[in-house]
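Trainee: Input: one structure, supplied below.
Any read-out appearing in this document is the output of simple, stated calculations on the displayed coordinates, not a laboratory observation. Predicted, not measured: the structure shown is a model, and the values here were computed from it. Note that we place each Cβ from the backbone using ideal geometry, even for glycine, and neighbour counts take in every protein chain shown.
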Amino acid sequence: MVQHLKAELRKSMLAKRLALWQDYIEEAGKKIFGRLCAEEKFKKAQAVAFYFPINNEVNTTPMIREAAKTKEILLPVTNHEIALFTFTSFDELKIGKYGIMEPSRGNAATREPDVIIVPGVAFGLCMHRLGYGKGYYDRLLRKLPSYRIGLAYDFQVVEELPQHKDDERMDIILTEKRRITL
C-alpha cells in the first residue's frame, strides 16, 4: 500500500515539476539560495555536498558556483551506490548513470560533508523525503552524520508523506516560501 501511494505521489509531483516555467525555476532558486545562505550550519560548513539538478529540480548550479569560492564542494557519483567526489570545475563534469552530470571518478572525497543538500520529488512536514524510488540517497544519508537540508519548491511539500522504515529524515527543508523544521 505504501509503495502504491508513493508511486502515485511521485508521478503527480514529477508532472507538476516538469511543467514549471523557466522564469519560476530561476526566481524560486534565487529565493531558496538566499534561505540556504542564511542557515548557520551552511555558513560554517567547510565541505558541502550538493546534487546536480535534473528534471527541473531546484537548480543548484548557481549555488555550487558561489559556494565553491569558500567551501569544498562534493557531488554524487552513482554506480551501485552513491559515492561523493570532489567538484573541481563544471568543465570536468561528465554525464553519468541516469543522465546526471558527475565529477570525474579520480577525485574521491577525502572527507565527509558538514552539510548535505538533498533533492527530492516530494517532502513531508514529518521531514521525510520521497525520491525517485531506488533508495540511493536514503542509503547514503544513513552512512553520513552530515546536517541534511532538503531543497524543494513549496508545492512539493505535503502534509503527510507515505513512509517506509528505511526512509531518512531531513534536518530542515527550504523552499522559496518557507523554512521547515520539526
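Trainee: Report the longest stretch of the chain that contains none of the trypsin sites (Lys or Arg not before Pro) sitting in a DSSP loop with at most 13 other Cβ atoms within 10 Å.
Mentor: 1-68
Trainee: Moving on to the next point. Go ahead and collect, in residue order, the members of the range 121-140 whose backbone nitrogen is under 17 Å from a label point 7 Å along the Cα-Cβ direction of Q163.
Mentor: Residues 122-131, 138-139 fall inside that zone.
Trainee: So who's got an amide H within less than 5 Å of the one on Q163, skipping anything under 5 residues away but keeping other chains? H placed 1.01 Å off N, in plane.
Mentor: none
Trainee: Something else about it: Counting other C-beta atoms within 10 Å, which of C126, C37 has the fewest, and how do the rest follow?
Mentor: Going from least to most buried by this count: C37, C126.
Trainee: What does the convex hull of the Cα atoms of the chain come to per residue, in Å³, rounded to a whole number?
Mentor: Measuring per residue, one finds 115 Å³ for the Cα hull of the chain.
Trainee: Pop out the ³J(HN,Hα) list for the range 156-173 in order, Karplus 6.51 cos²θ - 1.76 cosθ + 1.60 with θ = phi - 60°, rounded to Hz; leave Gly and Pro as x.
Mentor: Karplus values, whole Hz, x for Gly and Pro: 7, 9, 10, 5, 10, 10, x, 10, 10, 4, 8, 6, 9, 9, 8, 7, 9, 10.
Trainee: Let me ask something additional. Would you please give the residues with an amide H less than 5 Å from that of V118, counting only those at least 5 places away or on a separate chain, with H modeled from the backbone geometry?
Mentor: Those qualifying (amide H under 5 Å, at least 5 residues apart or on another chain) are I149, G150, L151.
Trainee: Moving to a separate point now. Among the listed pairs K6/K97; K6/K71; K94/K165; K44/K94; K16/K44; K41/K134, which are separated by more than 32 Å between their Cα atoms?
Mentor: Listed pairs above 32 Å: K6/K71; K94/K165; K16/K44.
Trainee: When H164, H4 are ordered from fewest to most other Cβ atoms inside 10 Å of their Cβ, what list results?
Mentor: H4, H164
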